[in-house]
Amino acid sequence: GKRLLDSGTNFIWSPTDNDLVSYLKDNKIVFKNLDSNEKTDFYRGQEDKEINDFRWNPTGEFLVINFNGQFLNIDSKATWRPTSILVSVHDKRESKVFERHNVYDSWK
């Protein structure tokens, strides 16, 4: 019976909180608690690193954030360098950077 009533992309429910949905909007990852209707900008991408998508880890401790990897504003494989980081949900610390890796998108 609860409604999100917000626009964005990549809507993903928290694996540990049934009232928390996360999504992308304006190069930010937003958390919205549907019970309290509270909305929080969790993470903001940088001007030179646009957020492509993100995923929760199964325990809800981290988000894996994938950035677009275009360089020189040229859309080609020669300039593609995807980058991902792990960000702690509890304190927003960035843990690790992964570059030049394969990103697999799968359904649970």
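Of note:
- Whichever residue in segment 1-59 is surrounded by 14 or more Cβ atoms within 10 Å (Cβ to Cβ) and of a type in the set (Ser, Thr, Tyr) and, among such residues, is farthest from the chain's Cα centre (by Cα): 14
- Pairing each residue of segment 33-49 that is free of Cβ contacts under 8 Å to residues at least 12 places away in the same chain with any residue that is surrounded by 11 or more Cβ atoms within 10 Å (Cβ to Cβ), provided the two are 6+ apart or on different chains, yields C-beta distances under 6 Å for 40/31.
Every read-out reported here was derived from the displayed coordinates using simple, explicitly stated rules and does not represent laboratory data. Here the structure is a predicted model, which is why all the values come from computation and not from measurement. FYI the Cβ positions are ideal-geometry reconstructions off the backbone, even for glycines, and counts take in every protein chain you see.
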